[in-house]
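Worksheet for the structure shown next.
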Amino acid sequence: MEGWLYVIRSNRFGLQFSRKRYFILQENYLKCYKTRPISQEEEPLRSANIDSYIRITDNGRESINRKVFFIFTLYNTLKDNDQLKLGASSSEDAGKWIRSLQNAVVKECPNPEKEFMSFSKKNWPPSRFGSSKRAGSKRSVGYYPFLQNEAVTSDVIAPSTWKIFGCQNGLRLFKEAKDWDSRGRHWDDHPAIMAVGVVDGTPEAIFRTLMSLGASRSEWDFCFYRGSVVEHLDGHTDILHKKLYSNWLPWGMRRRDLLLRRYWRREEDGTYVILYHSVIHKKCPPQKGYVRACLKSGGYVITPVNQGRESLVKHMLAIDWKFWKVYLRPPSARSITIRMLERIAALRELFRAKSGNHPSDFSSDSSVKTMLPQDGMEDIESEDKGQQKFEQNADLKENEAEKTNSGRRSLMSLNDASDEFFDFPDSNEDIDFDLLENGWYPEKSQEQPTSHICQHRLSSAAVFVKKLHDLAVQKKGYIDFQELPKEENVATSYGNTLQKDSTYSLPCSWATAEPSTFLIRGENYLKDNQKIKAKGSLMQMVGADWLRSDHREDDLGSRPESIIQKYAAQGRPEFFFVINIQVPGATQYTIALYYMLKTPLEETPLLHSFVHGDDAFRNSRFKLIPYISKGSWIVKQSVGKKACLVGQALEIHYFRGKNYLELDIDVGSSTVARGVVSLVLGYLNNLVIEMAFLVQGNNEEELPEILLGTCRLNNLDVSKSVPV
């Protein structure tokens, strides 16, 4: 794997800037060059060894000095401040690099616990990534996970809830049927409706088109008038304000607008998921002349087909248009929603025209650029003119620094001063004005009077300082409609704070899920890649906790009030396995699941190796299969039904006691997972969540797999969580 990436650094003032570099990933060595190397003998500018203690996180997309990057971070789990932040020009490129780097973890080296020192001309910026050139050593085989894609797209056997009811403009139309309406004949007041069509474009191109709020959107979105980003929460989540045209609405109906929380992610197979739901935000109250509609759930799923040359696009909406029912009957409201879904047909025709090289009368670069203030355009031109001079000066200083720093150095030293302000765009690169225009500055609004537009003439440093301040205070400026006030409860012993209900009828309760719902690797999986239904579980679920606190609740199994310590005090031989899922926020929520093994550990060799292994082995094997059996479409799409090696995506802290092993899973360690869980929390009391846990089998002796345990969480309520 090789190609151009951007090293994202911070100067002494904490402001980010980028440097374009050519990277080559060879086996488990990552090499960095200033230019594309002519021969293999050329010595890299820097180099790094990718080992088992390196984790790669997807940080989403960010704007740095008027350029949009899709950022991912490599960091050392042994040292919190030891990391390397890289940016790609597209989400597809970032995804390829993330997968390649994860695969590089499989390649072993002799002493992964030792710090790697720089051997090249100079060290990397705040990141430990630098190492010896000796690449011939190996570690034991079978110690790390198989990171290739599974043979199936789902690890859960579940019926489809979508029923087709028509076809319009070349789009198939589906509605979400309820459990008691298997034939899909009943219509809710605000039903979930989906349009499905094939678009002649790559998922990456369609994703960029759908995410844009600029002038190019007028080429296909006949509903959209204008929009802006109210707040940029992280690389995967924004708060958007969209105003809609009224000419496509029924006569006499007032104009509508939407205030939405947008979340997106890219799957390993190239599928993009974009999800929306309505929120309330203090910076964007209801506006005069508009009625604010409520999008209960909605979004897009863009799946590559025909070897990625085309895409299957699913667009779903469940929306309350906020009208008087006397004025418009429910069938009319459905027709408005269906009309809005027809944007997929317009999107299809747009890409069809592009593939046929037909020019669009509505696409004009100049029309987009004029959206920026003229002074801002002059600033950009002056930056471009002065770029070559700054490049020459920076390169001279850099070469001098290389001569004086040719030996090994710690990679934690500060950046060289010559690097700090080298943040001009390359002369052969165009600034994406369409993205810049639409929301990469949180305070921007297209409705502001002229007196406020001058704020955008501030330097990128000033804008970013404000961003850093907003992030530092960590204020949540929006409110989900589903959030409820909390009530105080009396705490009980750990392992018994959530009630058990095997009948599945009581809200805020737990039960065991049916094991046959989940698919696991069969005995011949290494040969045929076939998965089979699970026939049972190894452990018995004996309790659950639903807690809230102002800090993380670690190592629940060691607390005297826990059921684990009660068994230990009696000298009982049972072994416990605790899964502690920690959800970050101003209030920290914890869901802890307790499983008990009645047979000796030695009778299950793989589990024995997992319990007595080190953290790297555990991270490579612990697997979770999620399933939302009842709930909103937006939550089902965000969670998925695919098995996940949790330790490869999230930080897990392991606590080993005399008669237990506890896994504390930090959901906040990933922006992707954090976005998913924050969305799930908003709908929590309407969800039935099922999960299965297992240790992944990687060789014939470890197959077929067996589930450690399952659980079913019924309609959890944050107000009924127990304070600690």
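The values are calculated or read from the model by the stated rules, or taken from the named source; none is laboratory data. Since we're looking at a predicted model, the values are computed, not measured. Every residue, glycine as well, gets a Cβ built from its backbone with ideal geometry; the counts of neighbours run over all protein chains shown.
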>> Of the conditions (1) loosely packed, with under 15 Cβ neighbours inside 10 Å; (2) modelled with pLDDT of 95 or more; (3) not hydroxyl-bearing (Ser, Thr, Tyr), ASN529 satisfies every one except a single condition; which number is it?
In response: (2)
> Residues that are modelled with pLDDT of 60 or more and acidic (Asp, Glu): which strands (runs of 3 or more DSSP E) entirely in the stretch 460-526 hold 3 or more of them?
Replying inline: none
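From LEU684, LEU663, LEU607, which residue is closer than 20 Å to PHE576 by Cα, in contact with a Leu (Cβ under 9 Å, 6 or more places away or on another chain) and of a type in the set (A, V, I, L, M)?
Values: LEU684 fails: closer than 20 Å to PHE576 by Cα; LEU663 fails: in contact with a Leu (Cβ under 9 Å, 6 or more places away or on another chain).
That would be LEU607, the only listed residue that is closer than 20 Å to PHE576 by Cα, in contact with a Leu (Cβ under 9 Å, 6 or more places away or on another chain) and of a type in the set (A, V, I, L, M).
This table checks each residue for (1) in a strand (DSSP E or B); (2) under 17 Å from SER516 (Cα atoms).
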{"residue": "ILE625", "(1), (2)": "yes, yes"}
{"residue": "SER629", "(1), (2)": "yes, yes"}
{"residue": "SER638", "(1), (2)": "no, no"}
{"residue": "GLU662", "(1), (2)": "yes, no"}
{"residue": "ALA673", "(1), (2)": "no, no"}
{"residue": "LEU679", "(1), (2)": "no, no"}
{"residue": "GLU690", "(1), (2)": "yes, yes"}
{"residue": "PHE693", "(1), (2)": "yes, yes"}
{"residue": "GLU701", "(1), (2)": "no, no"}
> Looking only at residues in the stretch 502-526 that are surrounded by 19 or more Cβ atoms within 10 Å (Cβ to Cβ) and among the polar types (S, T, N, Q), which one is nearest to LYS720 (Cα to Cα)?
Replying inline: SER509
> Quick one: is SER228 among the small types (Gly, Ala, Ser), buried (at least 21 other Cβ atoms within 10 Å of the Cβ), on the phi < 0 side of the Ramachandran plot and under 23 Å from the mean Cα position of the chain (by Cα)?
Replying inline: yes
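Residues checked against (1) in contact with a helix residue (DSSP H, G or I) (Cβ under 6 Å, 6 or more places away or on another chain); (2) at pLDDT below 95:
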| site | (1), (2) |
| --- | --- |
| LEU258 | no, no |
| ARG265 | yes, yes |
| ASP269 | no, yes |
| GLN287 | no, yes |
| SER297 | yes, yes |
| VAL301 | no, no |
| GLY308 | no, yes |
| SER311 | yes, no |
>> Going by what's in this entry, would ALA592 be described as in a loop (DSSP other than H, G, I, E, B), modelled with pLDDT of 95 or more and in contact with a strand residue (DSSP E or B) (Cβ under 6 Å, 6 or more places away or on another chain)?
In response: no
> Within the bounds of the stretch 159-170, is there any residue that is touching a strand residue (DSSP E or B) at 6+ places or on another chain (Cβ under 6 Å), assigned to a helix (DSSP H, G or I), modelled with pLDDT of 80 or more and not assigned by TED's automatic domain parsing to the domain that holds ALA616?
Replying inline: no
> Tell me, which residue of the stretch 551-565 that is part of a loop (DSSP other than H, G, I, E, B) and under 17 Å from THR590 (Cβ atoms) is nearest to the chain's Cα centre (by Cα)?
Replying inline: ARG552
> If you check LYS34 against the conditions, is it of a type in the set (Lys, Arg) and more than 23 Å from ILE206 (Cα to Cα)?
Replying inline: yes
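Please work out if GLY536 is surrounded by fewer than 20 Cβ atoms within 10 Å (Cβ to Cβ) and at pLDDT below 90.
Values: surrounded by fewer than 20 Cβ atoms within 10 Å (Cβ to Cβ): yes; at pLDDT below 90: no.
Criteria not met by GLY536.
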> Restricted to the stretch 688-704, and to residues that are touching a Gly at 6+ places or on another chain (Cβ under 8 Å) and surrounded by fewer than 22 Cβ atoms within 10 Å (Cβ to Cβ), which residue is nearest to GLN588 (Cα to Cα)?
Replying inline: VAL688
>> Of everything in the stretch 521-550, what is within 26 Å of the chain's Cα centre (by Cα) and either among the hydroxyl-bearing types (Ser, Thr, Tyr) or closer than 16 Å to ILE591 by Cβ (or both)? Give them in sequence order.
In response: TRP546, LEU547, ARG548, SER549
> Which members of the stretch 271-312 meet the condition of being more than 20 Å from VAL196 (Cβ to Cβ) and in contact with a Pro (Cβ under 7 Å, 6 or more places away or on another chain)?
Replying inline: ARG292
